[in-house]
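The structure under discussion appears below in the form of structure tokens.
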Amino acid sequence: MEKQTRKLLQINPVIRTNTSTGRIMQEIGELAIKNGWQSYIAYSKGRDGVKPSSSEIIPVGDKFSVAWHGVMTRLFDCHGLASNRATRKFIREIERIKPDIIHIHNIHGYFLNYKILFDYLSKCEIPVIWTIHDCWLYTGHCYHYSFAKCDKWKSGCGKCPQQHLFPASLLLDRSAKNYIDKSESFTSIPPRRFMIAPVSDWIRSEMSNSFLKDCQYRVIHNGIDLNIFAPTESSAIKSKYGLPDNKHIILGLASIWSKEKGWDDFMQLATRISDDEVIVLVGIDQKQSKMLPPNIIGISRTDNITDLAALYSVADVFVNPTWQDNYPTVNLEAIACGTPVITYRTGGSVEAITDKTGVIVEQGDVDAILEAIRDIESKGKDYYREDCREYAVKHFNKVERYADYLQLYEEMLSQK
């Protein structure tokens with residue numbers, strides 16, 4: 001009898017490859033297809049429209065359902081508790097596809113009702129894997145709590161200090177009830193067919209203090225494309241962005257610059273660097289570009305990953321003064337391009353840093369950042385380049401990391 005092709009269904013609000021979760025989901029799907037699986041991807045049509053994919057796409061909801069979900073979030077703190085009709089329609093799609101594995105990335109994003117979805121997942125016999133990219137699933141409101149220094153998620157939320165931050169609620173604080181609802185829903189799947197896959201050791205450790213502490217866990221770090229993110233000799237990139245040839249380049253990058261990502265820290269650093277140094281920040285918006293001092297060059301967000309690899313490569317050092325992070329891909333990309341990283345002792349941001357790939361400093365210690373920059377400059381880029389690349393090849397290869405998921409799928413299926 002011919003062996004039946006196995007089916008993988010992944011879930012994430014965005015499918016765009018210029019987002020980290022969208023790219024990871026698509027690339028896992030591509031690897032699954034190469035290994036004989038059928039791959040399906042469910043995402044928010046209201047967020048992303050229709051996008052190309054090697055996998056069969058399952059659009060969920062529309063712009064109206066996303067807008068209504070946004071209203072329910074903004075007024076009543078009901079993020080993840082709207083989109084009822086879209087979720088029920090999606091469940092019918094699951095029943096049509098009959099996947100062997102369901103792999104969740106994110107379900108927050110104004111497109112699914114988690115209570116309806118998990119009521120179904122708890123009763124069906126499909127193994128479920130959930131990759132944890134942030135902290136939303138075990139808090140009553142926020143997607144991260146480090147910057148707010150809040151630990152209410154350990155015992156139950158309420159009076160949320162981040163009520164007005166993503167996913168913002170302007171009227172009600174429902175965080176205490178959200179905590180209970182999530183706890184009931186996300187612990188409803190029998191442990192034998194539910195696996196949580198945090199992207200960092202840090203978030204795995206945090207979750208051991210959450211209501212999900214008794215679940216199965218497998219840490220799988222994110223990977224990157226080492227063919228693209230590699231040391232690149234490109235004088236053209238300096239010309240394209242007006243970068244000086246005679247100065248040390250201190251690079252920073254964020255999709256959205258904020259206090260949590262280290263915006264204020266870079267502004268402080270700019271007052272202390274010397275005339276032979278320049279800061280280059282990628283991901284600057286128009287408002288921020290008008291606030292930059294003369295010794296910071298701002299570059300708007302670019303989806304050109306070849307340019308990003310070239311920028312990492314021409315930099316003397318990559319500085320990531322993030323105050324809350326799980327396992328930042330930017331650190332991996334910089335190291336893969338042969339550039340050492342300086343980061344705060346923050347969450348999973350330290351997990352790619354060794355004495356050969358960079359320096360870890362305490363949060364808020366801008367003087368220590370400057371001291372580390374000077375030390376790296378004095379040693380020279382050649383001191384780090386080969387060791388950084390070697391470490392990246394050993395640990396960051398996306399094919400190997402995504403293969404970890406395929407192995408996990410097989411293990412979960414063997415437990416059925």
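A short reminder: the numbers here are calculations on the coordinates, not readings from a lab. Here the structure is a predicted model, which means the values were calculated and not measured. Here Cβ is always computed from backbone atoms with ideal geometry, including for glycine, and neighbour counts include all displayed protein chains.
Please order Thr322, Thr17 by the number of other Cβ within 10 Å, starting at the fewest.
On the way: Thr322 24, Thr17 17.
Placing the least packed residue first, the sequence is Thr17, Thr322.
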Please compute the modelled spin-label separation between Tyr120 and Phe76, points set 7 Å along Cα→Cβ, answer in nm with one decimal. 2.1 nm
Mind sorting Val282, Val330, Val393 by how few other Cβ atoms lie within 10 Å of their own Cβ, fewest first? Val393, Val282, Val330
Is the C-alpha gyration tensor of region 317-416 telling us rounded, prolate or oblate? Criteria: a/c under 1.5 is rounded; beyond that, a/b larger than b/c is prolate, otherwise oblate. oblate
For Gln216 and Tyr383, extending 7 Å from Cα along the Cα-Cβ vector and measuring point to point gives, in nm, a value of 4.7 nm
Here FRET efficiency (C-beta to C-beta, Asp62 to Ile305, R₀ 30 Å, nearest 0.05) is 0.50
Spelling out what I want: for every residue of region 222-231, take phi, set θ = phi - 60°, compute 6.51 cos²θ - 1.76 cosθ + 1.60 (Karplus), and round to whole Hz; glycine and proline get x. 5, x, 9, 7, 6, 6, 8, 8, 8, x
Given a Förster radius of 30 Å and the C-beta distance between Asp365 and Lys149 as r, what FRET efficiency does 1/(1 + (r/R0)^6) yield to the nearest 0.05? 0.95
What pairs from Lys287/Lys379; Lys240/Lys381; Lys63/Lys123 go past 27 Å between their alpha carbons? Lys287/Lys379; Lys63/Lys123
If a/c stays under 1.5 just call it rounded; otherwise compare a/b with b/c (prolate if a/b is bigger, oblate if not). Do that for region 258-368, with a ≥ b ≥ c from the square roots of the Cα gyration tensor eigenvalues. rounded
Pull up the cross-link candidates among the aspartates and glutamates for Lys89, meaning alpha carbon to alpha carbon under 15 Å and not fewer than 8 places away within one chain. Asp62, Asp119
Among Leu121, Ala236, Ile297, flag the residue with its Cα farthest along the positive direction of the charge dipole of the chain, charges on Cβ as +1 for Lys/Arg and -1 for Asp/Glu. Leu121
Those residues of region 59-81 whose amide nitrogen sits under 15 Å from the label point placed on Lys177, 7 Å along Cα→Cβ: 72-81
Asp264 versus Ile33, label points 7 Å from Cα toward the beta carbon: distance in nm? 4.6 nm
Where does the chain land at 222 nm, in deg cm²/dmol rounded to the nearest 500, when only DSSP H runs of n ≥ 4 count, each adding -39500 (n - 2.57), divided by all residues? -11500 deg cm²/dmol
Pulled fully out, how much extra length does the chain show between Ala403 and Arg345, if you take 0.36 nm times their separation in residues and subtract their Cα-Cα distance? 17.9 nm
What's the center-to-center distance, using Cα atoms, between region 352-416 and region 203-261 in Å? 9 Å
Amide H of Gln216 versus every other amide H placed in the peptide plane: which residues, excluding those fewer than 5 positions away on the same chain, fall under 5 Å? Ile196
Could you compute the net charge surrounding Met72? Neighbours are other residues with a C-beta less than 14 Å from the C-beta of Met72; K and R count +1, D and E count -1. +3
Mind listing the phi-derived Karplus ³J(HN,Hα) values for region 144-152, rounded to whole Hz, using 6.51, -1.76 and 1.60 with θ = phi - 60°, and x for any glycine or proline? 7, 10, 4, 5, 7, 6, 10, 10, 5
Return the whole-Å distance between the Cα centroid of region 300-327 and the Cα centroid of region 11-44. 23 Å
Shape call for region 112-235 from the C-alpha gyration tensor, a ≥ b ≥ c root eigenvalues: rounded (a/c under 1.5), prolate (a/b greater than b/c) or oblate? oblate
Amide H neighbours of Ile41 at under 5 Å, excluding residues fewer than 5 places away on the same chain, with H built from the backbone geometry, are Gln10, Glu56, Ile57, Ile58
Proximal lysines relative to Lys290, as straight alpha-carbon distance under 18 Å, when same-chain residues fewer than 8 apart are discounted: Lys259
Once the cut-off is 40 Å, how many percent of the Cα-Cα pairs in the chain end up in the long-distance tail? 19 percent
Could you compute the FRET efficiency for Arg16 and Asp245, with r as their C-beta to C-beta distance and R0 at 35 Å, rounded to 0.05? 0.50
When you take every Cα atom in region 1-156, what is the radius of gyration, and what is Dmax, the widest Cα pair distance, in Å? 16.1, 58
